[in-house]
Amino acid sequence: MATMLKFLRGNLVFGRSVGKRFMHSSAVCMQDMGIPYRGDYSQQAADARRQWVESVTKTSLSSLDGWWEPNDPFDEEHLIANIENSIGVIRIPVGVVGPIDIHGKYASGTFFVPASTTEGTLLASATRGAALLNKAGGVKAHAYRQRITRAPTLYCNSAEDAERVGGWIQSSLPILHEVVASVSKRAQLKSVDFFIEEEKLNLVFAYDSAEAAGQDMSSTCTKACCDWIVDNVKELDTKINGVMIENGLSGDKHTSTINALFGRGVSVVARASIPNSLIESVLKLKAEKLIGGIGRDHQLKAMPSSVVIGNVPNMIAAMFAAFGQDLGSVVECSQVFLNIQKGQYVGYVDVELKMPSLAIGTVGGGTALPTQSQCLAMVGCQGEPNSSRKLAEIIASVCLGAELSLLASNIKYRGLRTRKP
């Protein structure tokens with residue numbers, strides 16, 4: 001039994017039994033000190049921290065213990081850069097949607113897609129939508145763009161100075177490419193746009209982040225670029241009075257007209273042409289009601305840039321949890337466009353779901369966690385070239401089926417309520 005204190009990265013690390021006795025006898029003192037062992041990602045520190053929380057809150061957190069055992073041992077690398085002050089893991093049920101047939105530019109074949117949720121009927125509804133799409137010949141999906149953005153503001157002396165600095169930045173793009181390469185092996189600077197608001201120069205840096213989602217990457221690269229700009233803008237006989245690294249124009253974790261038009265993350269579209277007879281047999285709904293119902297069902301959810309609709313946020317959250325994506329990005333990624341209309345051929349309905357802002361990745365962040373890594377392996381997206389685009393096509397295809405299923409249910413339910421006796 002360990003009986004001595006060890007110092008690791010400036011934090012006290014206790015063996016489990018010693019730490020437990022110490023914390024029970026010193027709960028008030030530790031509470032005054034704040035959360036213990038900050039910065040220590042070892043299992044001993046995490047378990048001791050959980051026991052300390054139990055003693056302070058007078059609750060049992062035994063179900064948070066176990067980590068990824070028995071299949072995978074504890075590895076502090078799974079926690080670093082993913083979470084702070086870890087005390088265990090929380091378990092959410094994982095189900096599967098499918099099969100779903102996808103004929104995409106990057107995703108081709110039949111897929112069973114994992115989704116983690118506590119919302120009953122969600123996966124059943126999505127699977128019904130997948131069955132409809134399969135019988136119609138599958139989903140045609142196309143990921144057509146990938147860009148991650150970060151939008152800083154430079155505070156200049158005047159609007160005239162801001163315009164001069166903006167033009168100078170445009171002419172300095174070759175150097176900024178080198179600055180980005182010096183701090184990131186993956187990121188590639190694609191463009192820098194600017195908008196002037198009085199003395200404020202609002203910039204939008206756009207990057208290709210390869211298979212990473214690129215949220216942190218874009219911040220690191222943009223900060224390096226801003227540092228270079230501040231240090232070298234004296235060439236114009238002016239100076240930058242201040243820098244804000246993110247002004248909101250990137251649309252990070254919120255809806256944005258700019259992202260709806262130009263995209264953030266992977267932009268993808270999923271389409272299908274469905275015979276009227278299948279809509280009636282699978283969704284139990286007349287095709288004309290499905291076509292006419294979309295406007296009425298979504299009219300209260302309309303936004304200037306897009307429509308945030310029914311099952312899409314739910315499905316994105318469930319798949320993001322399974323695939324180790326940033327759950328905070330569900331809002332921006334749920335900014336979508338759904339179109340349902342009479343088909344090009346008589347007796348068909350054409351459906352299309354556009355998702356311009358899927359901020360996703362297949363490397364980095366939570367994708368390396370044992371459970372999430374295995375879920376990514378289910379769909380063949382573990383960091384291979386273009387795997388983030390493949391994942392986008394899979395997500396969009398599932399969301400299309402889920403939305404069609406929910407829309408049909410809503411229309412039928414509304415019809416039952418308004419039916420005359």
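The values are calculated or read from the model by the stated rules, or taken from the named source; none is laboratory data. Bear in mind the structure is a predicted one, so any value in this text is a computation, not a measurement. FYI the Cβ positions are ideal-geometry reconstructions off the backbone, even for glycines, and counts take in every protein chain you see. Each accessible area value is taken on the protein alone, full model and side chains, heavy atoms only, with ligands, DNA and RNA left out. Shrake-Rupley method; radii C 1.70, N 1.55, O 1.52, S 1.80 Å.
Quick rundown of the values:
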quantity	calculated
Under Karplus coefficients 6.51, -1.76 and 1.60, residue-wise ³J(HN,Hα) of the stretch 234-246 in Hz, glycine/proline x	4, 4, 8, 6, 8, 8, 9, 8, x, 9, 10, 6, 8
Inter-site label distance for Tyr155 and Asp227 at 7 Å from Cα along Cβ, in nm	2.1 nm
Residue-count net charge about Thr222 - beta-carbon cut-off 10 Å; Lys, Arg +1, Asp, Glu -1	0
Computed lengthening from Met244 to Ala181, 0.36 nm per intervening residue step minus Cα-Cα distance	20.5 nm
Theoretical gain in end-to-end length, Met378 to Thr118 [0.36 nm per residue, Cα-Cα removed]	91.5 nm
Carbon + sulfur, % of accessible area of the chain - ligands and nucleic acids excluded, 1.4 Å	55 percent
Cα-based Kirkwood hydrodynamic radius, the chain, one decimal, Å	24.2 Å
Around Tyr207: net Lys/Arg minus Asp/Glu count, Cβ-Cβ under 10 Å	+3
Exposure of Glu163 as accessible area (Å², to 10), given a probe of 1.4 Å and all protein chains	120 Å²
Shape call, the stretch 54-160: gyration tensor on alpha carbons, a/c limit 1.5	oblate
Fluctuation leader among Met319, Met244, Met378 - the chain, Gaussian network, Cα springs under 10 angstrom	Met244
Distance in nm between pseudo-label sites at Val346 and Asn71 (7 Å out along the Cβ direction from Cα)	5.3 nm
Pairwise centroid distance, computed over Cα atoms, of the stretch 87-135 with the stretch 254-277, Å	19 Å
Rounded to 5, the percent of DSSP beta bridges in the chain classed as antiparallel	95 percent
Where the chain is the region considered: accessible area per residue in Å², 1.4 Å probe	47 Å²
Estimated vicinal HN-Hα couplings, Hz - the stretch 263-270 in sequence order (Karplus 6.51, -1.76, 1.60; Gly, Pro = x)	x, 8, x, 9, 9, 8, 10, 10
Within the stretch 375-406, backbone nitrogen closer than 15 Å to the virtual label 7 Å beyond the Cα of Val96 toward Cβ	375-380
Of the trypsin sites (Lys or Arg not before Pro) in the stretch 46-133, those whose Cβ has at most 11 other Cβ within 10 Å and which sit in DSSP loop	Lys58, Arg91
Of Lys223/Lys253; Lys105/Lys289; Lys190/Lys223; Lys185/Lys239, those spanning more than 22 Å from alpha-carbon to alpha-carbon	Lys105/Lys289; Lys185/Lys239
Label-point separation in nm, Thr220 to Asn82, each point 7 Å along Cα→Cβ	1.8 nm
Candidates per trypsin sites (Lys or Arg not before Pro) in the stretch 131-228, loop by DSSP, up to 13 other Cβ within 10 Å	Lys185
Mean separation of Cα contacts under 8 Å (6+ apart) over length of the chain, as relative contact order %	18 percent
